Amino acid sequence: MNDKKTTLIEMDNGDEPMSNHSDNPYFAAILEKRLSRRQVLGGSLTAAVASVFGASGMGNLAEAARPGLLPPQVGKPPFALTPTLGFDAIPVTRSDTATLPRGYKAQALIPWGTPITGSRPEFDPVNGNTGEEQEQQVGSHHDGMHYFPIQDDPNGHGILCVNHEYVDQRVFHAAGPTFIDGQRPDDEVRKEIAGHGVSVVEIKKDAVTGEWGVVNESQYNRRITAGTPAEIRGPVRGSDLVKTIHSPDGTMARGTINNCAHGFTPWGTYLTCEENWAGYFVNRTELPREHSRYGVRTTNGRYSWETAQGGADEYIRFDASAKGLDATKDYRNEPNTQGWILEIDPFEPNSTPIKRTAMGRFAHEGAVFAPPQLGQPLTFYMGDDARNEYCYKFVTKARYSKNANGDMLDEGTLYAARFNDDGTGEWLALDINNPKFQAAAAAAGVEFADQADVLVNTRLAADVAGATKMDRPEWGAVHPQTREVYFSLTNNSTRTDESGNNPIDAANPRGPNPFGHIIRWRERGNRSWATKFEWDIFVLAGPESDSQVLPEQGGPALTQDNIFANMDGLWIDQFGTMWIQTDMSGSQQVSGPFGNNQMLAANPETGEIKRFLSGPWDQETTGVVSTPDGKTLFVNFQHPGDRSQPGVFTSNWPDSGAIFRHPGDAEVVPNPDGPRPRSATLVVTREDDGVVGL
Ligand code: FEO
Ligand code: CA
Ligand code: CA
């Protein structure tokens, strides 16, 4: 989500509160530009490629898969290390449609409100649906997603898992949100809770028309919402810090909140990542560190769910004030059940989602694994999207095997990244049994009772360990062949040039950083579990006058073909193309040089970048995945028209019917009285049925 969104309830936004007031060691000064490390990063490329495919590589995924599931495929050698980006870049665009290169077409799939389960109630764009109906429909604000192919027709039949990050109340309710004597009507709260979470949807391509649609009465279709029961596993299970009146033994939680980016596992499950959950809670008593370091509110929750008129337990739990004799008598610990990675098995519709606490608690943006190797630990990379927070990785204790399953995620080591100014980096273990961590905590005067305490307070643990404050880490991507890791750093308005609170450093070299950059690293020895790495910057985004590709190699500035800002979604596909998605604020889209939010394609090796598509008004482009053959690309447009007021819309996509256009066609302007905008998935294909992007 961007920096500018507000709700009607209070003026401050619910996003990315700056709550890192730690006194980390900073790099004293920025010295001259470092020597090129690209030799180090790229020197062993050929050997690295050979080892990935020669030793084990992604082929192992097939062995680990269960019947019915076809795991994601990657190209077999010779792998396209230099994707061709064989399309004409589209210009900067402001049309209330998708804009696609010539030769491409698109449809809109599963917009918010699409009926998928139960009695499959139809979307009501005029009067709005009830909470009960929303529980049977696709949620709002599509974000991270993954496509799980089904074996009978992997390129035309699969399960799409889609995150629903939040709701815009002005668009979500027919007449906006309601307060009655300071309280929210129960059904509005119920509906908003159901608008959050995840949709699991079986989809199929029509053999005749080529159009994708929902498989009705699918055994897999499912909604997981901000109220769905979830089990707590890993070191935090049973901790005093997660005991509530609802779960006095600290083993169960309810719901998943603000699901931004995602991940998936080699064993075919979906990971949904809880990002800006803190603002949904209010604590009017003294805030413990596990609330204050994350930005739990002190006046009211983001949507005031805690004020629901009927006072039902499932709603008042968002008030985390200490009220009872101890934690098992109230909801003071309810916020501690959020901020995790939640594992969902899309092939087991009755399974209980599991909070994997060993992977840490923060504003989780996403979780992407390094190509698994048989007999070695499995590594997931994760970002904490708030200003001056950290990059993390989780390395499993268990070795990867063809029998791997989610239990692997319950034991391992969580690390935070330190980016040294000389281009080296270090992974800092956040492990109560690690002597370095113990010494750092002692030196900082910070005590942790046990590993559960470390994990509930992951941000504090990373402060103590001395991690590098980053410019809002969003999605990461791992190159499936070279294993290089790329991370979006979307922007940072609180990093400063001078000796301010958050001075620039080599890894975050602009302050303030309104446009963001992509950083990348390679693990020492190309082993994802290494504790040392080398890094460089892939691109400094921005206008032509303030941007550069591969700055350490003296690369070019961006041009009209590829200027962009505030990268968020990031994915490297099975053909080696890196997809970059933007989340610029509304004002940046209206008056900046970049046009509407967009998706670009990049060649990670050469630094070539081309604008591939742009979306309708006021949306962010987020979530991208393809079928295994690369011929169908799924892309989410989240919150089109998010500057709307009730009944006065700043986008009408997709129900305007104008789904896409090509450069040169007339731009579509929104009609304030036109259809209500809806988040939806754009399905992009080539008219000649080729691979998208190549
Ligand atoms: Fe939900 Fe960090 O974007
Ligand atoms: Ca964002
Ligand atoms: Ca995001």
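The values are calculated or read from the model by the stated rules, or taken from the named source; none is laboratory data. Source: prediction; values computed, not measured. Here the Cβ positions follow ideal geometry from the backbone for every residue, glycine too, while neighbour counts run over all protein chains shown. Areas reflect the complete protein model, heavy atoms only, side chains present, ligands, DNA and RNA absent. Shrake-Rupley method; radii C 1.70, N 1.55, O 1.52, S 1.80 Å.
Set the Förster radius R0 to 41 Å, insert the Cβ-Cβ distance between Val669 and Thr130 as r into 1/(1 + (r/R0)^6), and round the FRET efficiency to 0.05.
The formula returns an efficiency of 0.80 here.
Suppose we take every Cα in the stretch 189-311 and form the convex hull; what volume per residue is that in Å³?
Looking at the stretch 189-311, the number lands at 171 Å³ per residue.
In square angstrom, what is the accessible area per residue of the stretch 647-690 with a 1.4 angstrom probe?
I get 42 Å² per residue for the stretch 647-690.
Determine the share of the stretch 483-640's accessible area contributed by carbon and sulfur atoms, expressed in whole percent, with a 1.4 angstrom probe.
51
So how much slack lies between Glu286 and Asn403, counting 0.36 nm per residue of separation and subtracting their Cα-Cα distance, in nm?
Extra length from Glu286 to Asn403 when fully extended: 37.5 nm.
Between Thr209 and Glu348, how many nm apart are label points set 7 Å from Cα along the C-beta direction?
That separation, rounded to one decimal, is 3.6 nm.
In the neighborhood of His364, defined by Cβ-to-Cβ distances under 10 Å, what is the net charge if each Lys or Arg adds +1 and each Asp or Glu adds -1?
Local net charge: -4.
For the stretch 298-343, report the accessible area per residue in Å² (1.4 Å probe, heavy atoms, rounded to an integer).
Per-residue accessible area for the stretch 298-343 comes out at 32 Å².
Multiplying the sequence separation of Val648 and Asp88 by 0.36 nm and subtracting their Cα-Cα distance, what value in nm do you get?
198.1 nm
Would you tally the net charge around Arg120, using a Cβ to Cβ cut-off of less than 12 Å, leaving Arg120 out, and scoring K and R as +1, D and E as -1?
Neighbour charge sum, excluding Arg120 itself: -3.
Over 16 Å, how big is the tail of the calculated P(r) for the stretch 148-222, in percent of all Cα pairs?
Tail of the P(r) past 16 Å holds 62 percent of the pairs.
Could you calculate the FRET efficiency of Lys532 with Thr559 from 1/(1 + (r/R0)^6), where r is the beta carbon distance between them and R0 is 41 Å, rounded to 0.05?
Computed FRET efficiency for Lys532 and Thr559 comes out at 0.70.
Would you mind putting 365-376, 233-244, 500-511 in packing order, based on average other-beta-carbon counts within 10 Å, highest first?
Ranked by mean Cβ neighbours within 10 Å, highest first: 365-376, 233-244, 500-511.
So, R0 is 60 Å and r is the distance between the beta-carbons of Glu687 and Ala312; what FRET efficiency does that work out to, to 0.05?
In this case the efficiency is close to 0.70.
Using the Kirkwood radius over Cα pairs, work out the Stokes-Einstein diffusion coefficient for the chain at 10 °C and 1.306 mPa s, in µm²/s as a whole number.
Estimated via Stokes-Einstein, D reaches 64 µm²/s.
Mind checking which of Val683, Gly630, His479 is farthest towards the positive end of the chain's charge dipole, using Cβ charges of +1 (Lys, Arg) and -1 (Asp, Glu) about the Cα centre?
Result: His479.
For the chain, what is the percent of antiparallel DSSP beta bridges, rounded to the nearest 5?
If I count the DSSP bridges inside the chain, around 95 percent turn out antiparallel.
How would you classify the stretch 546-694 from its alpha-carbon gyration tensor, with a ≥ b ≥ c the square roots of the eigenvalues: rounded for a/c under 1.5, else prolate if a/b is greater than b/c, otherwise oblate?
Judged from the Cα gyration tensor, the stretch 546-694 comes out oblate (a/c at least 1.5, b/c at or above a/b).
What spacing in nm lies between the two simple spin-label points modelled at Glu605 and Asp326, each 7 Å away from Cα in the Cβ direction?
Inter-label distance under the simple model: 6.2 nm.
Can you compute the modelled spin-label distance between Asp181 and Glu498, with each label point 7 Å from Cα toward Cβ, in nm?
It is 5.3 nm.
Just to confirm, what accessible area per residue do you get for the stretch 189-231 at 1.4 Å probe, in whole Å²?
Accessible area per residue, the stretch 189-231: 38 Å².
Determine the share of the stretch 118-206's accessible area contributed by carbon and sulfur atoms, expressed in whole percent, with a 1.4 angstrom probe.
Of the solvent-accessible surface of the stretch 118-206, carbon and sulfur hold 44 percent.
Net charge near Val200: determine it from the other residues with C-beta under 11 Å of the C-beta of Val200, scoring Lys and Arg +1 and Asp and Glu -1.
With Lys, Arg at +1 and Asp, Glu at -1, the net is -1.
Which whole-number percent is the relative contact order of the stretch 462-547 (Cα, under 8 Å, 6+ apart)?
Across the stretch 462-547, relative contact order equals 22 percent.
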